[in-house]
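These notes concern the structure reproduced below.
The values are calculated or read from the model by the stated rules, or taken from the named source; none is laboratory data. Model, not experiment: these values are computed from the prediction. For neighbour counting, all protein chains shown are included, and Cβ atoms are generated from backbone atoms with ideal geometry for every residue, glycine included. Quick note on the areas: whole protein, heavy atoms, side chains included, nothing else; ligands and nucleic acids left out. Shrake-Rupley method; radii C 1.70, N 1.55, O 1.52, S 1.80 Å.
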Amino acid sequence: MESHTVWIIGGALVTYGLFRCWYVGFGKRVSPELRDRMKLAMEELGIPEFQRRNVLQFLERDDGKDFVMVNLMELKEPRAESRKKLTAYSQIFLGSLLRRAGHPVALATAASGKIESVNVSPEWDWEAAFLVRYRSRTDFAEVMLETLGSEHHGLKLDALARTLAFPAAPWSLIGGPRILVPLVIALLATSALYISALYTGA
């Protein structure tokens, strides 16, 4: 095998390895110290007891794997102003999330009011659904510690008339980064090998 072929294949494998380490992580569980910090932060901010209990239970049951947070949202009036506030919040929040290999999975805007409901107040509707992928529950806790009580979190609270969020796992996404990135790396490596073969054979 020629040296340039080794370098191309080796480079592709190293690139994929680095991506996998970053995107998938190492299955790190939430530490007791991080859980205690979350508990204290929520208590200081006056988060309702049932929400604190659910968050701590979620952290205690950590399996080291990724998950998605499902968000249902209804904006305050005037909606244009609320969208600006929510966009300003998202720019900061998503920056923190992306550094930890988290990213939006799906965003859907309601096309009408609800057409089916069970034991839900008739006047309650959701304007949008937003799914966000977190690499781990450790990342979730760290992002929340940067977010709760912050100025940009205040923008989100000012923008929303109501919201509901819950974590979902296990989950799956066809054609997500876990599949697309290796395919792109393989395509680039194959193209490089082909161009190299043409050049060396000329």
Can you tell me which residue among GLU74, GLU43, GLU81, GLU33 is within 18 Å of PHE166 (Cα to Cα) and either among the acidic types (Asp, Glu) or part of a helix (DSSP H, G or I) (or both)? GLU74
Identify, by number, the condition in (1) within 30 Å of GLU33 (Cα to Cα); (2) at pLDDT 95 or above; (3) small (Gly, Ala, Ser) that SER82 doesn't meet. (1)
Just one of (1) under 23 Å from ALA106 (Cα atoms); (2) without any contact (Cβ under 8 Å) to a residue 60 or more places away in the chain trips up LEU72, so point out which. (2)
Members of segment 173-189 found to be part of a loop (DSSP other than H, G, I, E, B) and within 13 Å of the chain's Cα centre (by Cα), listed by number: LEU173, GLY176
Please go through (1) of a type in the set (A, V, I, L, M, F, W, C); (2) open to solvent by 30 Å² or more (accessible area, probe 1.4 Å); (3) in a helix (DSSP H, G or I) for PHE140 and return the number of the only condition it doesn't satisfy. (2)
When ALA106 is evaluated against the numbered criteria (1) in a loop (DSSP other than H, G, I, E, B); (2) loosely packed, with under 13 Cβ neighbours inside 10 Å; (3) at negative phi; (4) in contact (Cβ under 8 Å) with a residue 24 or more places away in the chain, which criterion, by number, is the only one it fails? (1)
